[in-house]
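The block underneath contains the structure these notes are about, expressed in structure tokens.
The values are calculated or read from the model by the stated rules, or taken from the named source; none is laboratory data. All values derive from a computational prediction rather than experimental measurement. All Cβ positions, even for glycine, are placed from backbone atoms using ideal geometry, and neighbour counts span all protein chains on display. We work out accessible area using only protein heavy atoms, side chains counted, and drop any ligands, DNA or RNA first. Shrake-Rupley method; radii C 1.70, N 1.55, O 1.52, S 1.80 Å.
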Amino acid sequence: MIYLDFAAATPLDPKVEAAMRPYWQTKFYNPSANYLAGQGVAKDIQVARASVAAILGTRPSEIIFTAGGTESDNLAINGVMQIYPKAKLLVSATEHEAVLQTAQAYKHQLIPVNQQGVVDLAKLADLIDDQTVLISVMYANNEIGTIQPLHQIAKLIKVVKQDRQKAGNKLPLFFHTDASQAANYLDLHVSRLGVDLMTLNGGKIYGPKQTGALFVKAGLVLLSQIKGGGQERGLRSGTENVPGIIGFAKALQIAQNQRDKEVKRLQALQKSFTEQLQKALPKAIINGGKQRLPNNVHITIPGIDNERVMMQLDEQGVVCAVGSACSASNEEPSHVLKAIGLTDTEAQSSLRFSLGRPTTAQDIKVSVQALQQILSH
Ligand SMILES: Cc1ncc(COP(=O)(O)O)c(C=O)c1O
């Protein structure tokens with residue numbers, strides 16, 4: 001099988017599995033226990049937290065371990081908006097449902113994107129008003145791979161904050177980014193990016209599913225979403241998923257170590273994939289623009305039924321995606337593709353290929369040949 005759906009799920013790195021293994025059996029102790037064995041596990045969590053913090057350039061106390069991307073997005077948005085229930089939230093139009101659905105509970109507006117899927121900075125500036133308390137813009141899109149200009153958005157936010165100070169408006173303005181898809185490939189240093197909250201997702205970085213973290217900048221007060229024993233600074237109670245935390249931290253470390261090399265390798269494969277597709281299928285349109293993740297190839301092939309082609313590819317052993325597998329029901333045309341201006345018909349003629357660590361040049365060649373063969377009938 002040629003698996004080209006790494007944006008949906010990544011296999012567990014064997015080194016991650018090895019790091020996690022002791023915590024199910026020999027080191028199963030509750031990290032809140034006072035005896036030495038429990039304290040040993042608590043120390044291991046501290047080491048994991050420090051490792052994640054070092055990659056993000058933060059203090060360990062600014063890292064909250066969660067059960068994945070969805071939970072981190074929920075904690076960031078609900079955590080802020082429940083403290084400022086009358087305030088406004090801005091989210092980009094191409095966010096994952098974990099952000100879009102959570103935003104529904106609050107006064108919110110969508111930030112439009114251009115044809116490449118990049119947030120329109122001028123429109124964002126217009127949308128920010130005196131009531132805006134939170135802006136959530138994903139680092140990279142899960143469907144079309146577009147990378148957002150987080151640093152520029154942060155600069156805009158800084159100016160707004162200065163103006164507010166002069167005007168005596170005490171409402172804070174926070175910046176959250178969902179880096180679920182970005183963490184394998186992009187710089188995660190939060191002060192360089194200028195974000196106050198950042199979602200990370202273990203299941204997308206060759207770590208365990210249902211693991212992840214939320215970076216919460218020191219001083220930013222969130223309302224706790226899971227109440228109980230007070231773990232994770234009271235923001236996310238419940239006995240820690242110790243194997244998950246250890247695995248997530250290890251996976252992030254490996255991603256960080258491999259990043260530069262893997263980005264170069266995937267960029268070359270992405271280029272070759274795109275060139276081969278354009279040659280084999282001259283009518284194919286590549287979506288997502290130039291500022292994109294190195295593992296994403298998203299195409300619209302006018303006139304095709306994407307579900308049917310995806311299934312035919314599957315029968316030939318090539319696995320790709322229609323829309324985003326990140327949502328359980330794919331019946332509606334993708335909101336991301338609509339936001340970049342595709343019609344429903346065009347959206348239903350689009351396929352996502354997302355490459356990963358095991359992907360080879362041969363995989364790409366065979367996949368393009370399979371697609372060409374299917375479409376020639
Ligand atoms: C950008 C983005 N955010 C959030 C999520 C949700 O992650 P999970 O389903 O692992 O909680 C995903 C993927 O599913 C994603 O791609």
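General remarks:
- For region 3-90, chymotrypsin sites (Phe, Trp or Tyr not before Pro) are listed when DSSP marks them as loop and at most 14 other Cβ atoms sit within 10 Å of their Cβ; the list is 24, 28, 35.
- Region 92-144: GluC sites (Glu not before Pro) in DSSP coil with no more than 16 other Cβ atoms inside 10 Å: none
- Beta bridge orientation in the chain: antiparallel %, DSSP, nearest 5: 50
- Three-way shape call for region 217-333 based on the alpha-carbon gyration tensor, with the a/c threshold at 1.5: prolate
- A simple rule links phi to the HN-Hα coupling: the Karplus curve 6.51 cos²θ - 1.76 cosθ + 1.60 with θ = phi - 60°, which for region 263-274 gives 4, 4, 4, 5, 4, 5, 5, 4, 5, 5, 4, 4 Hz, with x for Gly and Pro.
- For region 146-159, Karplus couplings with θ = phi - 60° (6.51, -1.76, 1.60), whole Hz, Gly/Pro x: 4, 9, 8, x, 4, 4, 5, 5, 4, 5, 4, 4, 4, 5
- Taking 36, 351, 342 as the candidate residues, the one with maximal mean-square fluctuation in a Gaussian network model of the chain, Cα springs under 10 Å, is 36.
- Of all accessible heavy-atom area on region 165-224, the percent that carbon and sulfur account for (1.4 Å): 55
- With every protein chain in place, region 1-154: carbon and sulfur % of accessible area (1.4 Å): 55
- Only helices enter the 222 nm calculation for the chain: every DSSP H run of n ≥ 4 contributes -39,500 (n - 2.57), and dividing by all residues gives -12500 deg cm²/dmol, rounded to 500.
- Backbone HN-Hα couplings from phi across region 53-66 [Karplus 6.51/-1.76/1.60, Hz, Gly and Pro as x]: 4, 5, 5, 8, x, 10, 8, x, 5, 8, 10, 10, 6, 10
- Shape category assigned to region 95-156 from the gyration tensor of Cα positions, a/c cut at 1.5: oblate
- Compactness relative to 2.2 N^0.38 Å, alpha carbon Rg of the chain: 1.01
- Accessible-area composition of region 289-371, carbon plus sulfur, in percent [1.4 Å probe]: 49
- Solvent exposure of region 103-240 as accessible area per residue, Å², 1.4 Å probe: 41
- Between residue 7 and 354, the built amide H atoms are under 5 Å apart, and every one of these is 5 or more places off in sequence or on another chain.
- Across region 72-203, the convex hull enclosing all Cα atoms gives 97 Å³ per residue.
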